[in-house]
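Got a structure for you, written out below as structure tokens; questions coming shortly.
The values are calculated or read from the model by the stated rules, or taken from the named source; none is laboratory data. Since the model is a prediction, treat every value here as computed from it, not as a measurement. In this analysis, Cβ positions are derived from the backbone assuming ideal geometry, glycine residues included, and neighbour counts consider all displayed protein chains.
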């Protein structure tokens, strides 16, 4: 849901090695970008700061330059497709330090114009997973603009996605 809201605002959270915000948890924060321009931050308050302020629970916060957002490009209308979409789920094991953005970019590039939405619905590290790996589970909404997708096409695309994730990111299909 958060990713959809960021998409609606035309914001990106690219995988960069930029300095982390000192007030935010390093593993649970991201810098927000509009095109090539950084315009804010989103994340969880750093645990040390939260303890020092004696806050009872995790605090989520964001900072955004609304003026930069207001002068950005206007979204354009795209008509709805006459053809149905299809959802496929995919769970992979990836290196623990690999940013989500790299996985998202790889899936998006491999799926081409058929990927309408990518939903990260589970991220897990722990029991039954090597300590240097994490499990990511995605829902992929696929849809063609000019035809109804058939199972054979979608199966071939999913196989291509898995192969690209394996080759480019060292991912393994989770079964």
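Taking residue 75, is it touching a residue at least 60 places away in the same chain (Cβ under 8 Å) and under 24 Å from residue 28 (Cα atoms)?
no
I've got another one for you. Looking at the stretch 131-150, can you tell me whether even one residue there is without any contact (Cβ under 8 Å) to a residue 12 or more places away in the chain, surrounded by fewer than 15 Cβ atoms within 10 Å (Cβ to Cβ) and touching a strand residue (DSSP E or B) at 6+ places or on another chain (Cβ under 9 Å)?
no
Just to verify a result, which residue in the stretch 105-125, among those that are assigned to a helix (DSSP H, G or I) and out of contact with any helix residue (DSSP H, G or I) (no Cβ under 8 Å at 6 or more places or on another chain), is farthest from residue 143 (Cα to Cα)? Working first, answer last.
Taking the stretch 105-125 first, the residues assigned to a helix (DSSP H, G or I) are 105-114.
Of the ones still in play, those that are also out of contact with any helix residue (DSSP H, G or I) (no Cβ under 8 Å at 6 or more places or on another chain) are 105, 108, 112-113.
Numbers: 105: 18, 108: 13, 112: 11, 113: 8 Å.
Result: 105.
Pick out the one residue from 102, 88 that is in contact with a helix residue (DSSP H, G or I) (Cβ under 7 Å, 6 or more places away or on another chain) and farther than 26 Å from residue 30 by Cα.
Result: 88 is the single residue among 102, 88 that is in contact with a helix residue (DSSP H, G or I) (Cβ under 7 Å, 6 or more places away or on another chain) and farther than 26 Å from residue 30 by Cα.
Hey, another quick one. Out of all the residues in the stretch 69-82, is one or more out of contact with any helix residue (DSSP H, G or I) (no Cβ under 9 Å at 6 or more places or on another chain), at pLDDT below 90, farther than 19 Å from residue 163 by Cα and not in a loop (DSSP other than H, G, I, E, B)?
Yes, because at least one residue in the stretch 69-82 is out of contact with any helix residue (DSSP H, G or I) (no Cβ under 9 Å at 6 or more places or on another chain), at pLDDT below 90, farther than 19 Å from residue 163 by Cα and not in a loop (DSSP other than H, G, I, E, B).
Of the residues that sit in the stretch 45-68 and are surrounded by 12 or more Cβ atoms within 10 Å (Cβ to Cβ) and in a helix (DSSP H, G or I), which one is modelled with the lowest pLDDT?
Here the answer is 68.
A further question follows. Return yes or no: is residue 86 under 24 Å from residue 33 (Cβ atoms), surrounded by 15 or more Cβ atoms within 10 Å (Cβ to Cβ) and touching a residue at least 12 places away in the same chain (Cβ under 8 Å)?
No; evaluated as a whole, the condition is false for this residue.
Which of the residues belonging to the stretch 89-108 are over 14 Å from residue 171 (Cβ atoms) and in contact (Cβ under 8 Å) with a residue 40 or more places away in the chain? Explain how you work it out, then say what you get.
Narrowing the stretch 89-108 to residues over 14 Å from residue 171 (Cβ atoms): 89, 101, 108.
Answer for the stretch 89-108, where residues must be over 14 Å from residue 171 (Cβ atoms) and in contact (Cβ under 8 Å) with a residue 40 or more places away in the chain: 89, 101.
Going by what's in this entry, would residue 149 be described as outside the structural domain of residue 32 (by TED's automatic domain parsing), within 26 Å of residue 31 (Cβ to Cβ) and either part of a loop (DSSP other than H, G, I, E, B) or in contact with a helix residue (DSSP H, G or I) (Cβ under 6 Å, 6 or more places away or on another chain) (or both)?
no
Here's the yes/no breakdown for (1) within 17 Å of the chain's Cα centre (by Cα); (2) modelled with pLDDT of 95 or more; (3) surrounded by 13 or more Cβ atoms within 10 Å (Cβ to Cβ):
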{"site": "102", "(1), (2), (3)": "yes, no, yes"}
{"site": "119", "(1), (2), (3)": "yes, no, yes"}
{"site": "157", "(1), (2), (3)": "no, yes, yes"}
{"site": "167", "(1), (2), (3)": "no, yes, no"}
